[in-house]
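What follows is a short report on a single structure.
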Amino acid sequence: MRSLQLPIVILLAVGCGSGPKYKVDDVSLAPIPIAEKQAIFAAQNEISVARSERQKADADVAATEKEIISAESEHEQAKLETKKAQLGADEQKKLGDATKLTQAARELEVAEAGQHAASVKIDWLSKRKKWQREQGEAADAHATLAESKVELEKARLASSKGIKPNPDFKLENFADDFASKAKAWSAAKRQVEDRQTEVDRLGDSWRQLVAQHTQMRAPAPAATPAATK
């Protein structure tokens, strides 16, 4: 028959960065009823939420990378159109036809507007990709915070049951570690929010440029014949 053992709380100091600084061995909490562990389970569920946030951020980055490849192709095509329009304008200057020169200058203006819009799109998508990567980093900080919360809840439960196998054990250590992780997550979220403002601004600028370019490319309305009396 297996001999009884006293519950043991193991404090593990891990390296700086990832994971909780202090941990409670699950074995030490085994004798405690499940009903008293609901706070622990809630914190564990938060870890799953944070990991889902990371997966979404990774998927968003992958999708944006594909968009950037497409946008770069669009930009190259726009550059070719600008070059073609520039050659046409230069040719009309040599020929000296004022009407055709005006038309060529207009075509060049439209082409340059399209190239500018394509360039801004790449800039916007690049910033969006960076923002999405920062979302992933914030998700990691969220997961680390949730992991620390799990250990804090375990420590609270152990402390409430009088489990203190080590003279150095202090519930405050777990609380301090959790507070530190909470601060890191808050900072990561602020960074994401600040980046989103920049991304939204660039996205709005790009959409405005596209609208302007589309309007410039539209054929001029036909003149209305004068009414006869």
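Read-outs: derived from the displayed coordinates by stated rules, not from any lab. What you are looking at is a predicted structure, and each value in this text was computed from that prediction instead of being measured. Positions of Cβ are generated from backbone atoms using ideal geometry, with glycine treated the same way; all protein chains shown enter the neighbour counts.
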Helix-only CD estimate at 222 nm, as mean residue ellipticity for the chain, using -39500 (n - 2.57) per DSSP H run (n ≥ 4): -27500 deg cm²/dmol
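Report the convex hull volume per residue for the stretch 26-216, counting only C-alpha atoms, in Å³.
124
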FRET efficiency for GLU137 and VAL27, using Cβ-Cβ distance with R0 set to 41 Å, rounded to 0.05: 0.80
The chain, dipole about Cα centre (Lys/Arg Cβ +1, Asp/Glu Cβ -1), debye to the nearest 20: 220
Separation in nanometres of the label points that stand 7 Å from Cα toward Cβ, at SER126 and GLN77: 2.1
Loop trypsin sites (Lys or Arg not before Pro), the stretch 148-203, which have at most 15 other Cβ atoms in a 10 Å radius of their Cβ (DSSP): LYS161, LYS170
Two-site label geometry, ARG207 and SER159: point separation in nm, points 7 Å out along Cα→Cβ: 5.0
FRET efficiency estimate (nearest 0.05) - Cβ-Cβ, LYS170 to GLU36, R0 22 angstrom: 0.55
